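Worksheet: one structure, shown below.
The values are calculated or read from the model by the stated rules, or taken from the named source; none is laboratory data. Keep in mind that this is a model prediction, so the values were computed, not measured. All Cβ positions, even for glycine, are placed from backbone atoms using ideal geometry, and neighbour counts span all protein chains on display.
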Amino acid sequence: MKAANSQSAKIKKDRPWHLCLFVTRESSASANAIIQLRRIVAEYLPSDSRVEVIDLMDEPERAEEEQILAIPTLVRKSPEPIRRVIGDLSDIHRVLTSIGFVFERVDAQRLLH
């Protein structure tokens, strides 16, 4: 059973991810979240992953549609299930773990440097 879970996690990591980051342009926390998300995508996720940055000042209706209660909020749309990280994205290991990223030994070593 454990091997099946590991295989499932590996498949998820190899497939493109779809992430949405909900921000407001006037927030320094949002600016930092955008920077951290770009780093996460560039260093850890498949190159064909899709990232949307949604400024709720421009699209306020998206907050209700997506049930966004605080900003910044990162939503992993795919692979399913949907996962959310609310607030500070500066702890990359915590963010990756929260969105379901499964670390390999090389990934863990990269975080330490």
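The table below gives the values:
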quantity	calculated
Residue among Ile34, Ile68 that alone is outside any helix (DSSP H, G or I), of a type in the set (Val, Ile, Thr) and either surrounded by 12 or more Cβ atoms within 10 Å (Cβ to Cβ) or without any contact (Cβ under 8 Å) to a residue 60 or more places away in the chain (or both)	Ile68
Top-ranked residue of the range 41-57 - restricted to ones that are part of a loop (DSSP other than H, G, I, E, B) and touching a residue at least 12 places away in the same chain (Cβ under 8 Å), ranked as farthest from Gly87 (Cα to Cα)	Asp48
Single residue of the range 20-31 satisfying the filter (aliphatic (A, V, I, L, M) and in contact (Cβ under 8 Å) with a residue 40 or more places away in the chain) that is farthest from Arg83 (Cα to Cα)	Ala29
Residue check for Glu80: surrounded by fewer than 14 Cβ atoms within 10 Å (Cβ to Cβ), farther than 12 Å from Val23 by Cα and not small (Gly, Ala, Ser)	yes
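Quick grid of which residues meet (1) in a helix (DSSP H, G or I); (2) modelled with pLDDT of 95 or more; (3) not hydroxyl-bearing (Ser, Thr, Tyr):
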position	(1), (2), (3)
Arg84	no, yes, yes
Asp88	no, no, yes
His93	yes, no, yes
Phe103	no, no, yes
Arg110	yes, no, yes
